[in-house]
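The values are calculated or read from the model by the stated rules, or taken from the named source; none is laboratory data. Please read all numbers here as calculations on a predicted model, not as lab measurements. Cβ: placed from backbone, ideal geometry, glycine included. Neighbour counts: every protein chain shown. Areas reflect the complete protein model, heavy atoms only, side chains present, ligands, DNA and RNA absent. Shrake-Rupley method; radii C 1.70, N 1.55, O 1.52, S 1.80 Å.
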Amino acid sequence: MSTRPFLVNGDWRTGEGTFEVKSPFDDSVVDEVGVPTDADVEEAAATAHETFKTSQHLPIHVRSEALDHISKRLSETIDENAKLIAREGGKPLKWATVEATRAVSTFRWASEVIRHGNDEMMRLDTEASLGSRMGLLRRFPIGPVLGITPFNFPLNLVAHKVAPALGVGAPIVVKPASATPIGSLRLAEFFAETDLPKGMYQVLPVRSKVADGMARDERYRKISFTGSAAIGWYLKNLDPKKKVTLELGGNAGVIVHSDADLDHAAARIAFGGYYQAGQSCISVQRVLVASEVYDDFAIRLVKQIESLKVGDPMDPTVDVGPVIDKGEVTRIGEWVQEAVAQGAELLCGGTGEGPMFQPTLLSQTTPEMKVRCEEIFGPVVTISPYQTFEDALAEVNNSKYGLQAGVFTNDINRAFEAHRTLEVGGVIVNDVSAFRADQMPYGGSKDSGFGREGLRFAMEEMTEPRIMVLSHVPL
């Protein structure tokens with residue numbers, strides 16, 4: 001097997017040594033990736049710093065055409081990209097295809113955002129003392145970006161850092177997850193086909209210890225991180241002057257009120273809690289059901305969960321694949337058994353073997369159990385009854401996380417009440433917390449993070465406003 005190279009300063013390199021990317025399903029070697037040297041890491045930072053001097057002035061059509069090209073190439077290779085995602089990360093092929101397709105729109109949306117523009121004219125003759133003045137408000141990139149990406153969306157979450165950076169003219173260096181680096185390298189192949197300066201996108205598949213040093217490097221003016229809360233807040237505290245966006249964890253709550261379509265809610269929760277083997281920060285983890293329909297809904301949900309097919313992620317009919325490594329199977333099982341020992345009841349699942357953990361539903365849980373108060377990041381969902389809608393809202397908020405929540409109801413007033421009350425970044429009405437459209441703002445509050453992604457919103461995080469005041473002009 002030949003070594004898959006990484007990209008630094010427009011050069012494909014293999015560095016010194018390699019590491020294996022293995023399938024979490026059968027432990028087979030998917031690829032061997034070159035390991036960057038210290039000199040590669042230094043050159044990448046220096047290149048990004050130097051490239052910014054010119055990239056920040058690139059005209060919109062140059063940036064937009066490059067984004068369109070990458071989108072087009074992703075569209076032409078959806079099936080191939082989906083197989084890479086499924087093999088390196090264990091995501092079932094049907095959901096890997098969804099991710100590969102979303103990456104197409106991520107780059108397309110970035111192109112559309114910058115072509116639309118966001119410059120703003122401001123009348124400043126609003127007070128007699130100000131005179132005859134007009135303001136032109138524009139946004140400018142703050143500098144090179146360091147993107148640190150997770151294992152669970154190895155293509156599209158990289159795209160959500162790369163596309164907005166290229167869009168605003170900011171060079172970006174990506175440190176991908178060691179378990180799933182191929183998606184970022186795939187994007188680098190398509191980037192290399194564009195006319196953008198070669199230093200605008202570089203990929204360094206390095207270990208976390210090396211990334212720590214990169215995060216401290218003053219030449220990176222912005223960090224965009226997706227991963228665990230502990231590492232995210234650690235990175236934010238390294239340099240108070242550095243702009244940071246954090247997309248962290250969650251234990252999303254979903255409310256099912258008595259007026260909801262129960263069959264629809266059960267089908268969507270069975271999807272949202274297990275499609276990624278629970279390995280998504282917006283996976284459904286806590287289901288709260290109106291007491292008058294609780295028993296009926298629990299039966300419907302168990303039926304939906306038990307219909308899910310678990311197995312080989314390369315099988316296009318499989319719904320639930322492996323977790324990322326066998327150590328996680330052990331941890332998830334320990335959390336479930338701890339909950340059962342504390343009084344929880346298993347409605348289905350509860351066991352793990354090899355790389356697989358069976359889709360699990362727990363009732364009779366309490367808020368202090370790990371399966372409810374922590375992020376389990378596995379195919380485990382809890383279900384609990386509530387007496388009033390206000391009780392359900394309070395219980396969703398009874399969490400250190402606040403990323404997204406779902407609310408199933410046919411009452412528009414309850415939907416608006418949830419929107420103003422829930423302490424989360426997104427409230428999804430009549431669907432699960434796991435819904436995301438790539439153009440919408442995405443991010444959370446509390447321990448779920450800081451700042452927002454979602455193309456236009458990510459571009460705002462990578463830029464700063466600057467006003468030019470035109471004085472004594474005829475208005």
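Some notes on this structure:
- In this simple spin-label approximation, residue 133 and residue 388 carry label points 7 Å from Cα along the Cα→Cβ vector, and these lie 5.2 nm apart.
- Cross-link partners of residue 22 among aspartates and glutamates (Cα-Cα below 17 Å; sequence separation of 8 or more within a chain): 31, 32, 88, 312, 325, 328
- In this simple spin-label model, placing a label point 7 Å from the Cα along the Cα-to-Cβ direction at both residue 467 and residue 80 gives a separation of 5.0 nm.
- Counting Cα-Cα pairs of the stretch 326-411 in 10 Å increments starting at 0 gives whole-percent bin shares of 16, 46, 30, 8, 0.
- The sum of -39500 (n - 2.57) across all DSSP H runs of n ≥ 4, divided by the residue count of the chain, sets its helix-only mean residue ellipticity at 222 nm to -12000 deg cm²/dmol.
- Size check on the stretch 125-178: the Cα extents along the three principal axes, sorted descending, read 61, 18, 14 Å.
- Sites residue 19 and residue 119, calculated FRET efficiency, Cβ-Cβ separation with R0 35 Å, nearest 0.05: 0.20
- Counting every C-alpha pair in the stretch 1-106, the share spaced more than 21 angstrom apart comes to 57%.
- Viscosity 0.890 mPa s, 25 °C: Kirkwood-radius Stokes-Einstein D of the stretch 188-301 over Cα pairs, µm²/s: 137 µm²/s
- nm² value of the averaged projected area, convex hull over the Cα atoms of the stretch 83-144: 7.5 nm²
- The stretch 31-76: radius of gyration and largest Cα-Cα distance (Dmax), Å: 15.1, 38
- In percent, rounded to a whole number, the relative contact order of the stretch 346-454 is 18, using alpha-carbon pairs under 8 Å and six or more apart.
- Within the stretch 377-464, the percentage of alpha carbon pairs spaced more than 23 angstrom apart rounds to 27%.
- Counting only Cβ charges, +1 for Lys and Arg and -1 for Asp and Glu, the dipole size of the stretch 59-178 around its Cα centre is about 280 debye.
- Whole-number percent relative contact order across the stretch 281-410, with pairs defined as alpha carbons under 8 Å at least 6 apart: 28 percent
- Stokes-Einstein D (µm²/s) once Rh is taken as the Kirkwood radius of the chain over alpha-carbon pairs, at 25 °C in 0.890 mPa s: 105 µm²/s
- Selection from 253, 270, 288 lying farthest towards where the dipole of the stretch 224-332 points positive, charges on Cβ: 253
- Relative to the current alpha-carbon distance between residue 126 and residue 423, full extension at 0.36 nm per residue lengthens the span by 103.2 nm.
- Normalised per residue, the accessible area of the chain is 41 Å², obtained with a 1.4 Å probe and no contribution from ligands, DNA or RNA.
- Based on the Stokes-Einstein relation at 25 °C and a viscosity of 0.890 mPa s, and on the Kirkwood radius from alpha carbon pairs, the stretch 61-112 is assigned a translational diffusion coefficient of 221 µm²/s.
- Site pair residue 29 and residue 334 shows an inter-label distance of 3.1 nm when each label is modelled 7 Å from Cα along Cα→Cβ.
- In the stretch 35-140, the GluC sites (Glu not before Pro) that fall in loop regions by DSSP, at most 12 other Cβ within 10 Å: 127
- The lysines within cross-link reach of residue 370, meaning a Cα-to-Cα straight distance under 19 Å and a gap of 8 or more places when in the same chain, are 400, 446.
- Based on the reciprocal of the average 1/r between different C-alpha atoms, the Kirkwood radius for the stretch 253-364 equals 14.6 Å.
- Protein accessible area in the chain, 1.4 Å probe - carbon and sulfur %: 51 percent
- Computed over the chain: relative contact order in percent, which uses C-alpha pairs under 8 Å that are six or more apart: 18 percent
- Dimensionless Rg/Rh of the stretch 114-269 - Kirkwood Rh, Rg from C-alpha atoms: 1.12
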